[in-house]
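Report on the structure given below.
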Amino acid sequence: MQVKAIAAVAPDRPLEPTTIERRDVGEHEVRIAIKFAGICHSDIHTVRAEWGEINYPMVVGHEIAGVVEEVGDKVTKFEVGDHAGVGCFVDSCRECENCQAGLDNYCLRGNIGTYNAVGRDGKPTAGGYSEQIVVDENYVLHVPDNIGLDEAAPLLCAGITTYSPLAHWNAGPGKKVAVIGLGGLGHMAVKIAHAMGAEVSVLSQSLKKKEDGERLGADHYYATSDEATFEDLRGHFDLIINTVSANLDLAQYLSLLATDGALVQVGAPEKPFEVPPFALIAGRKTLAGSMIGSIAETQEMLDFCGEHGIGAEVEVISADQVNEAYERVVGSDVRYRFVIDTATL
């Protein structure tokens, strides 16, 4: 099947319209008509070859929401007409210790990315900036009917990227949780942590998004440009989720943790961290990382969002606005996730 798409053709050139081929539906596969595709900063890093070499042309997009249009003969989990999503990976080895334990996002042999990877058929994978996608049913998610597909698309990356550490480190009633940054990831962290029952604070450079933060569920909002913030909140938080990709002074933020607290990194800074040992030793603190979530946990997150009526804050754009949107993402000029309406391809 030939379908319309938007492709990156070089690291320093705009994305452009193209057509790509999608394979026939296999017996355990589903074909999804993509309705909306979120723009993640990871897409931009990849398109611009900032994270390694790329085989162009390439179609990115791993925040995919749509409707099932065809199912293979042996598919049991989906029916035509179901609302469905696809996230950051479309397969894994299924055999390693982590896959067997339901941690396929940490597949020891490396899972197969939704784009910029090679699938089991030996062909490059192509992502959600397109009209259709064919994926094994075991790597497709059910999207609750009460979440609009435009608001659901970013949940497949931004949602699970923040839900996973919040769940793993037991955010909930009685826990003080801080979110560094109120962007595409941060706004989801605030919504989810609030729904989990935690006391939620936002740590942002300034107070310009304070009203938004409180509307999304933050109980407190602090400016990190104010030195008093780090003095007043020393030893205050049980959990800090760092959603930004800037190179911060982590010792400063670790000082905000209570004894046995954890700072979890989900953003991907350009340069390595520098962490003084005593920033961890003094207080038995943990500096950790978290990468998306397993397929099972992603479904858990979607069900949770359905129960609590949580979707992403989105700005829906047409296909011809993608290059402008990329520049706005880099300039932090979006509240809080761009989503492509694939009907405009």
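Table for the structure above
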{"item": "Residue that is in contact with a Leu (Cβ under 7 Å, 6 or more places away or on another chain) and closer than 20 Å to Val190 by Cβ, where the choices are Leu254, Leu239, Leu280, Leu263", "result": "Leu263"}
{"item": "Residue ranges of strands (runs of 3 or more DSSP E) in the range 285-345 with at least 1 members within 17 Å of the chain's Cα centre (by Cα) and within 17 Å of Gly61 (Cβ to Cβ)", "result": "314-317, 337-341"}
{"item": "Matching option when the condition is farther than 19 Å from Val329 by Cα, within 19 Å of the chain's Cα centre (by Cα) and either among the charged types (D, E, K, R) or not assigned by TED's automatic domain parsing to the domain that holds Leu185 (or both), among Gly61, Gly72, Gly85", "result": "Gly85"}
{"item": "Spans of strands (runs of 3 or more DSSP E) in the range 1-90 with at least 3 residues more than 30 Å from Gly186 (Cβ to Cβ)", "result": "2-7, 16-21, 29-38, 64-71"}
{"item": "Pick from the range 301-345, criterion hydroxyl-bearing (Ser, Thr, Tyr) and closer than 29 Å to Ala167 by Cα, ranking: surrounded by the fewest Cβ atoms within 10 Å (Cβ to Cβ)", "result": "Ser332"}
{"item": "Selected residue (only one of Gly184, Gly148, Gly128 is crowded, with 24+ Cβ neighbours inside 10 Å, in contact (Cβ under 8 Å) with a residue 60 or more places away in the chain and not assigned by TED's automatic domain parsing to the domain that holds Thr243)", "result": "Gly128"}
{"item": "Among (1) assigned to a strand (DSSP E or B); (2) among the β-branched types (Val, Ile, Thr); (3) closer than 16 Å to Ala296 by Cβ - the single one Ile133 does not satisfy", "result": "(3)"}
{"item": "Strands (runs of 3 or more DSSP E) contained in the range 144-263 and holding at least 1 residues in contact with a strand residue (DSSP E or B) (Cβ under 6 Å, 6 or more places away or on another chain) and small (Gly, Ala, Ser)", "result": "176-180, 199-204"}
{"item": "Failed condition for Lys210, given (1) buried (at least 17 other Cβ atoms within 10 Å of the Cβ); (2) touching a residue at least 40 places away in the same chain (Cβ under 8 Å)", "result": "(2)"}
{"item": "Top-ranked residue of the range 271-285 - restricted to ones that are out of contact with any helix residue (DSSP H, G or I) (no Cβ under 7 Å at 6 or more places or on another chain) and free of Cβ contacts under 8 Å to residues at least 40 places away in the same chain, ranked as nearest to Trp51 (Cα to Cα)", "result": "Lys271"}
{"item": "Residue among Gly61, Gly38 that is at positive phi, surrounded by 18 or more Cβ atoms within 10 Å (Cβ to Cβ) and touching a residue at least 60 places away in the same chain (Cβ under 8 Å)", "result": "Gly61"}
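The values are calculated or read from the model by the stated rules, or taken from the named source; none is laboratory data. Computed from a predicted model, the values in this text were never measured in an experiment. Please note: Cβ atoms are built from the backbone with ideal geometry, for glycine as well, and neighbour counts cover all protein chains shown.
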